[in-house]
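Everything on this sheet refers to the single structure shown next.
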Amino acid sequence: MSRFQERKWSGEKGKKFGRVTDPYLPTEGQEAAVCTGCQALYQNKRWFFDDQLYRRLAGTDKVKEVICPTCRKIKEQYPEGILTLKGDFFQQHREEIMALVEKEAARIAAKSVQDRLIRIIPGGKDRLVVETTSEKLAQHLGRTVYRAFKGDLDFRWSEMNKFVRVYWSR
Ligand SMILES: [Zn+2]
């Protein structure tokens, strides 16, 4: 727990003094903000992907170029969800299970700006840790593995932070 209370994330600086700041808000006369990392667009306080709109706006003065909160979390390795996969069955079916996790994560990430993988950390032969930018994605990936391979699934939320640990084992 203490490890996570010490976490610093620059994306939250604006909240420090209780001010309502929105660093992504396009300036007067601009149509949207665009993330130079993942090409996500920001309009009406919402992040989304739209290839057509991106192609129309990119490189023009109609957009404000920013780094979106998700790309920031990935760059600064600031997970809001951690999924741990472990067990003898996992060890024996590791490639199959990881292929499922990566495929499902890629499917979600293609349509949801907020839900992406940060990194996959090998934790020895029978264990693997998957860090995600959102609670939702860690839970979803845990449920995906559970649906495909059964086993045990457990969720533990942090009370202090917006953060979940998901454990799957078999
Ligand atoms: Zn981005």
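One residue stands out among those in region 27-38 that are farther than 10 Å from Val66 by Cα and polar (S, T, N, Q): the one that is nearest to the ligand (Cβ to nearest atom), which is Gln30.
Any chance region 39-55 includes a residue that's within 11 Å of the ligand (Cβ to nearest atom), at positive phi, at pLDDT 95 or above and of a type in the set (S, T, N, Q)?
Here is the first cut: in region 39-55, the ones within 11 Å of the ligand (Cβ to nearest atom) are 39-42, 47, 49.
Those still in the list that are at positive phi too: 39.
Next cut, at pLDDT 95 or above only: 39.
Keeping just the survivors that are of a type in the set (S, T, N, Q) gives 39.
Yes; the residues of region 39-55 include at least one that is within 11 Å of the ligand (Cβ to nearest atom), at positive phi, at pLDDT 95 or above and of a type in the set (S, T, N, Q).
Is it true that Gly37 is in contact with a Ser or Thr (Cβ under 9 Å, 6 or more places away or on another chain), closer than 30 Å to Trp168 by Cβ and either free of Cβ contacts under 8 Å to residues at least 40 places away in the same chain or not in a strand (DSSP E or B) (or both)? Judged against the criteria, Gly37 is a match.
Once region 127-170 is narrowed to residues that are free of Cβ contacts under 8 Å to residues at least 24 places away in the same chain and assigned to a helix (DSSP H, G or I), the residue that is nearest to the chain's Cα centre (by Cα) is Arg143.
The values are calculated or read from the model by the stated rules, or taken from the named source; none is laboratory data. This is a predicted model, so every value here is computed, not measured. Backbone-built Cβ (ideal geometry, glycine too); neighbour counts: all protein chains shown.
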